[in-house]
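Contents: one structure, followed by commentary.
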Amino acid sequence: MRRRDATFICQSCGAVYSRWQGKCDACGEWNTVAEESSPSAGAHAPGRKPRKGRLFPLEALTGAAHHPPRLASGLAEFDRVTGGGFVRGSVLLLGGDPGIGKSTLLVQVAAALARGRHRAVFISGEEAVAQVRLRAERLGLAGAAVELAAETSIEDIVSTLAEGETPRLVIIDSIQTMWTDTADSAPGTVTQVRASAQALIRFAKRSGAAVILVGHVTKDGQIAGPRVVEHMVDAVLSFEGEGSQQFRVLRAAKNRFGPTDEIGVFEMTGGGLREVPNPSELFLSERDLGSPGTAVFAGIEGSRPLLVELQALVVPTAFGTPRRAVNGWDQNRLSMVLAVLEARCGVRLSGHDVYLNVAGGLRIQEPAADLAAAAALVSSLSNAPLPADAVYFGEISLSGAVRPVAQTGARLKEAQKLGFARAIVPEAARSEGSEQALSLQFVAKLTDLVVGIAAVEPPAAPRNLREERRHKAGMT
Ligand code: TYD
Ligand code: MG
């Protein structure tokens, strides 16, 4: 009988099995378990002499460090996210929902680079050359010296690119459409995606060309295919936005050569993506002044302050279970703010549906938005509009205290620049914000904010019958 020393390894999480199975028990992914020959138990292959390892010098952490040479694309918002441009031999993965504008963005990046007389190659596995041309024409970039091809074979692509002058930038749109002879499964499968990515990464490291891989995302926003590709590449960028809104935000989830907290803001127009150098102005351009339930949050994205409007709607629940819907913010964070309002400030919200929306389709991650969210919620509940010239920021703790957040000065400066006259900030920011021209109102506890907005007397209106009954049954 032939001895089998093959093992089956999940290509997504790396779990090892002794036989094939359709679903990985460890990570729950389907069709990711593939056969791989296991390394033999001994240190060396049978029949081959054990090799003595080459000796290499170990060095100190201090010493001459040269910054990797970078090539700026010329699109400032794009370069901000990558950390100043493309590093030679680096590989970027760009993910995003279908139709969000990934191909459009990359055609513009390639054209910008070509305009600077650098060789840029765009390989499309999804669209025909004519389609890419048509798009470039619509973007007014038809004259750019970008080299185009519609190809999907990795071997052909690598051989073609290795000919002649090395391109500075190679765009592969998308990695899921590529296939390589070294793996025999269909394009788009985990094995193919991984093998194709590996071949392209090897090409990038060898030649010094920067490579951008476009990656599809699954329904829950993860880049489809193996997570290992995310580990293999130097940077993972995601392009996000609401399909119905014209704003698009580019973010880095991982970056070996730069920061991960910077965002690039673009606007999708009829003529392609337009850079937005001052996003606050854009996000506040359509404010609904004087209506209850809106608060302006002075946030920070990376090194840049960003003012956005939070909109809340609090209405009595029509059905049994109250609804909590949130757009652009963390659902758990909203639940926490609601719980603190209820437990520490006597604001009864358990019989109300709560909707919270970040204007403009932006997604914010900072806990500093807690105070603005609470202000919007209380404003909507008590039907009392907040002052239109005020900004809010501060983190709320479970005890109901308002905690300080980083970069108070930058937030206040941006608010002042955009014409705001006052800021509602944590008590602990008193020392930092003292020299500001804004009028500051300090809150130490969330109750101070609630009392300031309106005198909310707990159980505001007599409860309706259904709620009374639910209470009796002990359901709330
Ligand atoms: P695309 O770059 O093809 O998205 P992806 O590659 O991420 O799938 O973008 C397609 C969308 O962008 C499409 O819905 C139309 C819109 N669009 C514009 O609004 N203006 C333009 O100038 C272009 C080229 C596209
Ligand atoms: Mg595309």
What order do you get for 158-166, 10-18 when each peptide is scored by the mean count of other beta carbon atoms within 10 Å, highest first?
-> 10-18, 158-166
Shape category assigned to region 90-142 from the gyration tensor of Cα positions, a/c cut at 1.5 | oblate
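Quick check on the exposure proxy: order 9, 212, 364 from fewest to most C-beta atoms within 10 angstrom. Could the numbers behind the result be given before it?
Details: 9 18, 212 28, 364 21.
Exposure proxy ranking, most exposed first: 9, 364, 212.
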Between the alpha carbon centres of region 51-91 and region 114-146 the gap in Å comes to 28
Lysine pair count for the chain [Cα-Cα under 26 Å; pairs on different chains or 8 or more apart] = 7
So what is the relative contact order of the chain, in percent, for Cα pairs below 8 Å that sit 6 or more residues apart?
-> 11
Simple spin-label estimate for residue 19/residue 330, 7 Å along Cα→Cβ, in nm, reads 4.4
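How would you order 408-420, 137-149 from highest to lowest mean count of nearby Cβ atoms within 10 Å? Please list the in-between numbers first.
Values: 408-420: 18.4, 137-149: 15.5.
Those peptides, ordered most packed to least, come out 408-420, 137-149.
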What is the antiparallel percent of DSSP beta bridges lying wholly in the chain, to the nearest 5?
-> 55
Just subtract the alpha-carbon distance of residue 27 and residue 155 from 0.36 nm times their residue separation and send over the number in nm, one decimal.
-> 42.9 nm
Against the longest principal axis of the chain, how steep is helix 102-115, in degrees 0 to 90 to the nearest 10, with axes from Cα atoms?
-> 60
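How big is the dipole moment of region 285-368 about its Cα centre under a simple scheme where the beta carbon of each Lys and Arg is +1, that of each Asp and Glu is -1, and everything else is neutral? Debye, nearest 20, please. Present the calculation step by step, with values, prior to reporting the outcome.
Details: 8 positive and 8 negative charges, 40 e Å.
Result for region 285-368 is approximately 200 debye, rounded to the nearest 20.
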If every Lys and Arg gets +1 and every Asp and Glu gets -1 at its Cβ, then about the Cα centre region 68-217 yields a dipole, in debye to the nearest 20, of 660
Separation of the residue 383 and residue 428 label points, Cα + 7 Å toward Cβ, nm = 3.8
Roughly what would the spin-label model give for residue 245 and residue 288, points 7 Å off Cα along C-beta, in nm?
-> 1.4
DSSP-assigned coil residues among trypsin sites (Lys or Arg not before Pro) in region 88-118, each with at most 11 further Cβ atoms within 10 Å = 117
Convex hull projection area averaged over all views, the chain, Cα basis, nm² = 32.0
Relative contact order (%) - criterion: Cα under 8 Å, at least six apart; region: region 229-324 = 17
Dipole in debye (nearest 20) - the chain, about Cα centre, beta carbon charges: Lys, Arg +1; Asp, Glu -1 = 1300
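Any read-out appearing in this document is the output of simple, stated calculations on the displayed coordinates, not a laboratory observation. Just so it is clear, the model here is predicted, and its values are computed rather than measured. Glycine also receives a Cβ, built like all others from the backbone with ideal geometry; neighbour counts cover every protein chain displayed.
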